[in-house]
């Protein structure tokens, strides 16, 4: 209910500024919007698992990598089925190789020799759309 009140406040402010009576409708999420949001959730969850693994090893010298390996293999396979080999490789780079051991960010080298840095899953998604035309917004 709180979201509805915030929405109405924004609508009233727009009405006052423009001196009109506006009508707004909520946009229904498309299948692509849902797929995009699910993709972000998956990528963020995998990142959290990687961080958990690293912290457990750094703090307690507990190595969960062999335990989690099967889960990562399944997730990597599902990602490849969903997005294709090139995008799967790109996601793998983003998740596992994007940062060097010293914490600096590794670039992706484009075909024309430019360096491209992926800062977040949103930039990853945009690059994947360029690689695989079946991914669209």
Some residue of the range 51-61 being assigned to a helix (DSSP H, G or I), under 21 Å from the mean Cα position of the chain (by Cα) and touching a residue at least 24 places away in the same chain (Cβ under 8 Å) = no
query = Given the conditions (1) surrounded by fewer than 16 Cβ atoms within 10 Å (Cβ to Cβ); (2) out of contact with any strand residue (DSSP E or B) (no Cβ under 6 Å at 6 or more places or on another chain); (3) farther than 21 Å from residue 37 by Cα, which single one is not true for residue 53?
reply = (1)
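Looking at the range 106-137, which of the residues that are assigned to a helix (DSSP H, G or I) and under 18 Å from residue 46 (Cα atoms) is nearest to the chain's Cα centre (by Cα)? Give the derivation first.
To start, the set of residues in the range 106-137 that are assigned to a helix (DSSP H, G or I) comprises 121-131.
From what's left, under 18 Å from residue 46 (Cα atoms): 121-125, 128.
Values: 121: 3, 122: 5, 123: 8, 124: 7, 125: 6, 128: 11 Å.
Only one residue tops the list, namely 121.
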message = One residue is enough: does the range 31-49 have a residue meeting the conditions surrounded by 10 or more Cβ atoms within 10 Å (Cβ to Cβ) and in a loop (DSSP other than H, G, I, E, B)?
response = no
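For the structure I just gave you, tell me whether residue 44 is in contact (Cβ under 8 Å) with a residue 40 or more places away in the chain and in contact with a helix residue (DSSP H, G or I) (Cβ under 6 Å, 6 or more places away or on another chain). Please lay out each step first, then the result.
Working: in contact (Cβ under 8 Å) with a residue 40 or more places away in the chain: yes; in contact with a helix residue (DSSP H, G or I) (Cβ under 6 Å, 6 or more places away or on another chain): no.
Spelling it out, it is not the case that residue 44 is in contact (Cβ under 8 Å) with a residue 40 or more places away in the chain and in contact with a helix residue (DSSP H, G or I) (Cβ under 6 Å, 6 or more places away or on another chain).
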Those residues of the range 62-105 which are touching a strand residue (DSSP E or B) at 6+ places or on another chain (Cβ under 8 Å) and not in a loop (DSSP other than H, G, I, E, B), in sequence order = 90, 93, 99, 105
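Here, each number is a calculation from the coordinates, and none is a lab measurement. Being a predicted model, the structure only gives us computed values, none of them experimental. Cβ: placed from backbone, ideal geometry, glycine included. Neighbour counts: every protein chain shown.
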